[in-house]
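Notes follow once the structure below has been shown.
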Amino acid sequence: MWAVGAVAVVVLAGAYHFRHRIENLFPHKKPPSDYSLYVPSEHLFKRGNPHRNEVCLTIDDGPHPSLHRILPILRKFGVHATFFMVGFRLASSPVLVRETLAEGNEIGNHTQTHPRLTGLTDDQVRAQLGECEAAFEKVTGGRRMSLFRPPGLDVDPSVYRIAASFGYTTVSYNCGAKDFILKTGGPNVTLGKGHIVQDVLEQVKPGSIILLHDTDDTADALTAILQGLKDRGLAVKDVSEMMADLPNPIIVKSDAGKVVGASS
């Protein structure tokens, strides 16, 4: 019996040392990707690391004048967001775009005119992404975006493929608020500051990607949202920071930072 036990110990020890040697030989090898967080085949970021007390803040559809109110609130709390901007709007607000970047926030592609992309041809989708990218490069002196969110998250395999051909990571969300409700034939509306704050704080959890919109109601709600997240011990990150914190980190180049030599 003693001999059998000794043999077992030797075998187990040998297996341990063999595995240790293999790990040392291939230190770059990582465990398989968690498709609930990131889908490599689609370059799709779905959510952050659920084991870290942090959330991702994204703000869509601007820039609008309300961004003048949003940026100081982010600065006050010492946090950054990723803004998914529409090409024709960012082209008409170059100074605001550059201020957004200079304060450490990221900007991603949200198409040129905000159409639902699955109703377009491939060439039309390429034009929507390419024109938005060109507008961004013009106002930033050649800086490029690395992140993309399709309007309404209306996406299919062809859209994923085209976005990847631009070098983009497509960014989803899992914590939305009723801060932007489309009305056919009428102005867009929201349910107001109280509902926006409630919607976010009731849904949010570690790893959430929060979706807000560049509106006055969102600006009204943002202080309470950020204070609520802080009170829960949830750090606020932008997309590139959250992707770098995944169990299998995904590194994308952030476009945040001061812009020098851009055209007006």
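For the stretch 90-134, the set of residues classified as assigned to a helix (DSSP H, G or I), among the small types (Gly, Ala, Ser) and under 20 Å from the mean Cα position of the chain (by Cα) consists of ALA102, GLY130, listed by residue number. Checked against the criterion of being over 22 Å from LEU57 (Cα atoms) and crowded, with 20+ Cβ neighbours inside 10 Å, the stretch 118-127 has at least one qualifying residue. Across the stretch 147-157, the qualifying residues are those that are touching a Ser or Thr at 6+ places or on another chain (Cβ under 8 Å) and surrounded by fewer than 18 Cβ atoms within 10 Å (Cβ to Cβ), and the one among them that is nearest to PRO40 (Cα to Cα) is ASP156. Looking across ARG75, ARG143, one residue alone is in contact (Cβ under 8 Å) with a residue 24 or more places away in the chain, in a helix (DSSP H, G or I), surrounded by fewer than 23 Cβ atoms within 10 Å (Cβ to Cβ) and of a type outside the set (Ser, Thr, Tyr). It is ARG75. Return a yes/no flag: does the stretch 242-249 have any residue that is surrounded by 22 or more Cβ atoms within 10 Å (Cβ to Cβ) and not hydroxyl-bearing (Ser, Thr, Tyr). Taking every residue of the stretch 242-249 in turn, at least one turns out to be surrounded by 22 or more Cβ atoms within 10 Å (Cβ to Cβ) and not hydroxyl-bearing (Ser, Thr, Tyr).
Look at LYS205 and say whether it is within 25 Å of PHE148 (Cβ to Cβ) and either modelled with pLDDT of 95 or more or small (Gly, Ala, Ser) (or both).
Taking the combined requirement at face value, the residue satisfies it.
Exactly one residue out of GLY152, GLY167, GLY108 is modelled with pLDDT under 95, touching a Lys or Arg at 6+ places or on another chain (Cβ under 9 Å) and assigned by TED's automatic domain parsing to the domain that holds ASP199, and it is GLY152.
The values are calculated or read from the model by the stated rules, or taken from the named source; none is laboratory data. All values reported here derive from a predicted model rather than from experimental measurement. Positions of Cβ are generated from backbone atoms using ideal geometry, with glycine treated the same way; all protein chains shown enter the neighbour counts.
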